[in-house]
Amino acid sequence: MQQTRPFPPTELIDQAEEEEAIRLAPAPDLKNWVVANFLTIGGTLHNPDHDHIAELLHDNDEFLAFAWASSAAVAKKRMVLGQCEKIMFNQGGWKKARQEQQMRDWFGFVPTYLITIDASYCENTNDRNFCALLDHELYHIGVERDEEGEMLYSDMTGLPKHYLAGHDVEEFFGVVKRWGANESVKRLVEITKNAPFVPDVDISKCCGTCMI
């Protein structure tokens, strides 16, 4: 099991500073570390909520890929430290071909999902924040479930049905104050009554996926 977390290549950050532009690069070492620690039963940080991702990767290693970005992006006046996206290409002319080629040049395949992480942030942050950021982005790969909470599987592939998931709770403070809490907010309140497994971390404000 890989215990030491991966760090981004320093040359990526250095080159970006020289060019005064954001540069991106594939991060296969980061994927291997996430699989070994988050997605493997017995892994140091194993999270059973992500077992459906592990199941998909077991049958299709091209399901998920990771990339480093040399620095944070800015969206809606907030810094973006991480983003999970379902890969979709622009149609028309050579746009689709160009974008597919970039993925193949980076990874050797076109992934279904891509998680991009801010390298400069990860170079300097502590282990707790680093792990929380990765865990947060993995949660954006959701799996469809039936009314009893059991995973739904595709009749064609036999694999779990996945989708790009938003937050479990999305509501305005003012609405809750005026009209009361819905079931999702009530559940969150009940969860907060228990001590968190990993306290003192809030990554959601820095997630690019959450801002889409």
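The values are calculated or read from the model by the stated rules, or taken from the named source; none is laboratory data. Model, not experiment: these values are computed from the prediction. Backbone-built Cβ (ideal geometry, glycine too); neighbour counts: all protein chains shown.
Considering only segment 35-60, how many residues are in contact with a Phe, Trp or Tyr (Cβ under 8 Å, 6 or more places away or on another chain) and closer than 20 Å to residue 109 by Cβ?
The qualifying residues number 3.
Checking residue 133 against (1) part of a strand (DSSP E or B); (2) of a type in the set (A, V, I, L, M, F, W, C); (3) under 27 Å from residue 159 (Cα atoms); (4) modelled with pLDDT under 95, only one condition comes out false. Which one?
(1)
Only one residue in 100, 55, 62 is out of contact with any strand residue (DSSP E or B) (no Cβ under 9 Å at 6 or more places or on another chain), touching a residue at least 24 places away in the same chain (Cβ under 8 Å) and farther than 15 Å from residue 136 by Cβ, so which one is that?
Exactly one of 100, 55, 62 is out of contact with any strand residue (DSSP E or B) (no Cβ under 9 Å at 6 or more places or on another chain), touching a residue at least 24 places away in the same chain (Cβ under 8 Å) and farther than 15 Å from residue 136 by Cβ, namely 62.
So which residues in segment 81-95 are surrounded by fewer than 21 Cβ atoms within 10 Å (Cβ to Cβ) and under 17 Å from residue 136 (Cβ atoms), if there are any at all?
Scanning segment 81-95 gives 85, 86.
What is the one condition in (1) in contact (Cβ under 8 Å) with a residue 40 or more places away in the chain; (2) of a type outside the set (A, V, I, L, M, F, W, C); (3) under 21 Å from residue 122 (Cβ atoms) that residue 49 does not satisfy?
The number of the failed condition is (3).
Among 41, 13, which is the only one that is in contact (Cβ under 8 Å) with a residue 40 or more places away in the chain, among the aliphatic types (A, V, I, L, M) and in contact with a helix residue (DSSP H, G or I) (Cβ under 9 Å, 6 or more places away or on another chain)?
Every option except 13 fails the conditions.
Being at pLDDT 90 or above and either among the hydroxyl-bearing types (Ser, Thr, Tyr) or in a loop (DSSP other than H, G, I, E, B) (or both) is the filter; apply it to segment 156-172 and report the residue that is farthest from the chain's Cα centre (by Cα).
That would be 161.
List pairs: first residue in segment 181-204 and under 20 Å from residue 131 (Cα atoms), second residue surrounded by 10 or more Cβ atoms within 10 Å (Cβ to Cβ) and modelled with pLDDT under 75 anywhere in the structure, Cβ distance under 9 angstrom, at least six positions apart or on different chains.
Partner pairs satisfying both residue conditions: 204/167; 204/210.
Among the residues of segment 96-130 satisfying the criterion of being assigned to a loop (DSSP other than H, G, I, E, B), of a type in the set (Val, Ile, Thr) and in contact with a Phe, Trp or Tyr (Cβ under 9 Å, 6 or more places away or on another chain), which is surrounded by the most Cβ atoms within 10 Å (Cβ to Cβ)?
Top of the filtered list is 110.
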